[in-house]
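Asks: Have a look at this one.
The values are calculated or read from the model by the stated rules, or taken from the named source; none is laboratory data. All values reported here derive from a predicted model rather than from experimental measurement. Note: ideal-geometry Cβ built from the backbone for every residue, glycine included; neighbour counts use all protein chains shown. The accessibility values were calculated without ligands, DNA or RNA, using every heavy atom of the protein model including side chains. Shrake-Rupley method; radii C 1.70, N 1.55, O 1.52, S 1.80 Å.
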Amino acid sequence: MIKENKQQKVYRIIKGRIIEREYVPGQRIVIDQIAKELETSSIPVREALRQLEAERLVVYKRNVGPVVAEVNESDYLDTVHVLALLEGYAASLAARNFPKEKLGQLHELNRLMEEALEEFDIILFSKLNATFHRIICEESGNTFLMESIQNTWNRIDSIRGTGSTLYSKRVKESIAEHKEIIALLESGETEEIERVARAHKVKTAENFEKRRKNLIQTNTITS
């Protein structure tokens, strides 16, 4: 892994816990407790939390301090289903004449994603994943479509920060699905890749919804 300073390490750990729902929406984040656990001062923790606040994963509440931000679930799910349609169509256009050198880039990105998963670095995985999909969509050759996709990506990020809807169990499936997408790009199967790319995105939304319902049921049972 890339050498980290204290602030980067704290940021990675806290963000990973938020993404994995170890820290649930509305939960207070105790700065001194985290500083003690990670054997650092409170300064790197505060810096990390400010960065997470900028990413809309943490909010500061008066008389409480930093807490994990809430998620607008219905807004997120609606947006991902629209994105599935857009990315599916972009993939079908890209498959008509996808550059061979870009296929190599996709293979390498998927390999790096596997390594990131082995290191349990969901943040790095999400960045690589975003690059993977961007390369495909940019090859659609449709400027308006790409602008629409970018706007939808931005909307998802505004709902809940980059990569925050990816979970370790889901990403294992995602890597296998990426391999199928690469194979379809290579063969030029425009209709099949549209179906597969669309399903790939929808599965992320379904996984999010399943985890949300399980969390609600768990909280109901324990309360």
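Asks: Six or more apart or on different chains, Cβ under 7 Å: which pairs go from a residue in segment 61-78 that's of a type in the set (A, V, I, L, M) to one that's open to solvent by 70 Å² or more (accessible area, probe 1.4 Å)? Could you list them?
Replies: 64/28; 67/28; 67/61; 69/56
Asks: With the requirement that a residue be acidic (Asp, Glu) and either touching a Pro at 6+ places or on another chain (Cβ under 7 Å) or open to solvent by 60 Å² or more (accessible area, probe 1.4 Å) (or both), what does segment 169-183 give you?
Replies: Answer for segment 169-183, where residues must be acidic (Asp, Glu) and either touching a Pro at 6+ places or on another chain (Cβ under 7 Å) or open to solvent by 60 Å² or more (accessible area, probe 1.4 Å) (or both): 173, 180.
Asks: Also, quick follow-up: Can you find a residue that is open to solvent by 60 Å² or more (accessible area, probe 1.4 Å), of a type in the set (Lys, Arg) and touching a helix residue (DSSP H, G or I) at 6+ places or on another chain (Cβ under 9 Å) anywhere in segment 87-98?
Replies: Yes, the conditions are met somewhere in segment 87-98.
Asks: So, one more: Go through segment 61-87 and give me each residue that's out of contact with any Gly (no Cβ under 9 Å at 6 or more places or on another chain) and under 18 Å from residue 35 (Cα atoms).
Replies: 64, 65, 66
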